[in-house]
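**Q** Take a look at this one; I'll ask things after.
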Amino acid sequence: MSELTLFWFNMFGLFYLLATTVVFIRNRFDLTPLSNASTSNNKRPKISVCIPARNEETVIGLLLQSVCIQDYESFEVLVLDDQSTDKTPEIIQSFVINYPNLITHLKGKPKVEDWFGKPWACQQLSNAATGEILLFLDADTRLQPDMLKNTAVSFHNYSLDMLTIWPRQILGSFWERTAIPLVYYALVTLLPAIYVYRSPRWMPSFIQRKFLPAFAAACGQCIAFTREAYDVVGGHQAVKQEVVEDVALAKKAKVSGLRLRMFQGVGSISCRMYRSEREMFEGLRKNFLAGFGNSLPFFISAGIFHFVVFVLPFITLIYSLSIYSPALFSISVASISIIFLHRVILSVWFKWNPVYGLLHPLGVLWYQWLGLVKLWDHLTGKKIQWKGREVS
């Protein structure tokens, strides 16, 4: 590849990074925490905390502890044991004994063949819930004591039908610290969070209607609906065959004219999704292609694009020194500086170790490898298992 070609590839990447910087800066102000002021009428709607749990013996007790000490007057907790084969049901039952008027232990029914596991569990939870707000939590999340109160206040203050919170991710192992932040990096540099809440004012209304689903996003680790809104979108039954059911629900909400908003969860909710590189690889492998709409051209193009933007500048920086090319060196340094600046700000924002931001290209290469494996899975028809169930 010629020096001129490398220069223009890097110029393209630099323009992209500058454009996403605008989105990033705006999200730093628009992706807010939950409200914490009192509602004007002091209303406290009943919240049904719905927790699907399948083989979650290592985490379910910690979540239930954090739920049971909530500073909120009106809520119930429903935990569905989704055919677990470990000690999950025993742990749930121990909390029921201690909090009999608060926690309900549901025995999950065998999964119906044309449903994916999580939507099936969540639908059963919703059928049993009696609250005005349905809050769905993954079993590996943890709540701060005022989380439910602030959720209710946020529904009121923003006149919401649905909300979702991106938890602060707790990162333990080397690869967690290196790769997981890239999920949030993509979120805050690509999607203006305010447009999830309201349509872009600069966009003509007839175009807004067409692009409503493009501004839909959600994090299934923490997602909440008013009962009326949940029924309008058709509940989890409407997304029973969606691997990325959270985004699918957000799209249905937007198309239905409902009002939803994203929040960041620093100070209200945290989550540790995975506890090893292997678990992280398999967990992301199950829905990596689905995150790109199951479109192979889009998936492959995105992989090439990310290599050009986030890996190539580091290669050309070294190459520019070997051939003494000031122009190539300067543009590589500019791109790398923006990447590192983004990562430092993101790390401070979500309370991560900023040193791992320096490993951004390594994290990108980890996802490149995951993408190649997922592409091979697709081409060979390999079936993916997660927690003992087939998910693709």
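**Q** Among the listed residues Pro326, Pro354, which satisfies the condition of being of a type outside the set (Asp, Glu), in contact with a Ser or Thr (Cβ under 6 Å, 6 or more places away or on another chain), open to solvent by 40 Å² or more (accessible area, probe 1.4 Å) and more than 19 Å from Met280 (Cα to Cα)?
**A** Pro354
**Q** Given the criteria over 21 Å from the mean Cα position of the chain (by Cα), over 25 Å from Phe174 (Cβ atoms) and surrounded by fewer than 18 Cβ atoms within 10 Å (Cβ to Cβ), does Ile300 qualify?
**A** yes
**Q** Test Leu160 against the criterion of being touching a residue at least 60 places away in the same chain (Cβ under 8 Å), farther than 20 Å from His342 by Cβ, open to solvent by less than 50 Å² (accessible area, probe 1.4 Å) and of a type in the set (A, V, I, L, M, F, W, C), and give yes or no.
**A** Taking the combined requirement at face value, the residue satisfies it.
**Q** Let me ask something additional. With the condition kept exactly as written, say whether any residue in region 262-278 is at pLDDT 95 or above, aromatic (Phe, Trp, Tyr) and crowded, with 17+ Cβ neighbours inside 10 Å.
**A** Yes, region 262-278 contains at least one residue that is at pLDDT 95 or above, aromatic (Phe, Trp, Tyr) and crowded, with 17+ Cβ neighbours inside 10 Å.
**Q** Moving on. With respect to Leu375, determine if the residue is within 30 Å of Ile269 (Cα to Cα), open to solvent by 20 Å² or more (accessible area, probe 1.4 Å) and in a helix (DSSP H, G or I).
**A** Judged against the criteria, Leu375 is not a match.
**Q** Pick out the one residue from Thr130, Thr151 that is open to solvent by less than 40 Å² (accessible area, probe 1.4 Å), touching a residue at least 60 places away in the same chain (Cβ under 8 Å) and among the hydroxyl-bearing types (Ser, Thr, Tyr).
**A** None of the other options fit; the residue is Thr151.
**Q** Right, something else. Count, please, the residues in region 189-238 that happen to be within 17 Å of the chain's Cα centre (by Cα), under 30 Å from Val67 (Cα atoms) and β-branched (Val, Ile, Thr).
**A** 3
**Q** Does Ser337 satisfy the criteria of being of a type in the set (S, T, N, Q) and free of Cβ contacts under 8 Å to residues at least 12 places away in the same chain?
**A** Criteria met by Ser337.
**Q** Would it be correct to say that Tyr185 is aromatic (Phe, Trp, Tyr) and touching a residue at least 40 places away in the same chain (Cβ under 8 Å)?
**A** yes
**Q** Could you tell me how many of the residues in region 113-123 are of a type in the set (Asp, Glu) and either outside any loop (DSSP other than H, G, I, E, B) or in contact (Cβ under 8 Å) with a residue 24 or more places away in the chain (or both)?
**A** 1
**Q** Find all pairs meeting these conditions: Cβ atoms under 9 angstrom apart; at least six residues apart or on different chains; first residue within region 62-79 and farther than 11 Å from Leu137 by Cβ; second residue of a type in the set (A, V, I, L, M) and open to solvent by 20 Å² or more (accessible area, probe 1.4 Å).
**A** Once the first residue is farther than 11 Å from Leu137 by Cβ and sits in region 62-79, its partners that are of a type in the set (A, V, I, L, M) and open to solvent by 20 Å² or more (accessible area, probe 1.4 Å) give Cys68/Leu102; Phe75/Leu102; Glu76/Leu102.
**Q** Consider only pairs whose beta carbons are under 7 Å apart and that are at least six residues apart or on different chains; among these, list those whose first residue lies in region 277-299 and is of a type in the set (Lys, Arg) and whose second residue is surrounded by 14 or more Cβ atoms within 10 Å (Cβ to Cβ) and in a loop (DSSP other than H, G, I, E, B).
**A** That search, which allows pairs on different chains as well, returns Arg285/Ile384; Lys286/Val243; Lys286/Ile384; Lys286/Val391; Lys286/Ser392.
The values are calculated or read from the model by the stated rules, or taken from the named source; none is laboratory data. Predicted, not measured: the structure shown is a model, and the values here were computed from it. Every residue, glycine as well, gets a Cβ built from its backbone with ideal geometry; the counts of neighbours run over all protein chains shown. Surface areas here come from the heavy atoms of the whole protein model, side chains and all, with no ligands, DNA or RNA. Shrake-Rupley method; radii C 1.70, N 1.55, O 1.52, S 1.80 Å.
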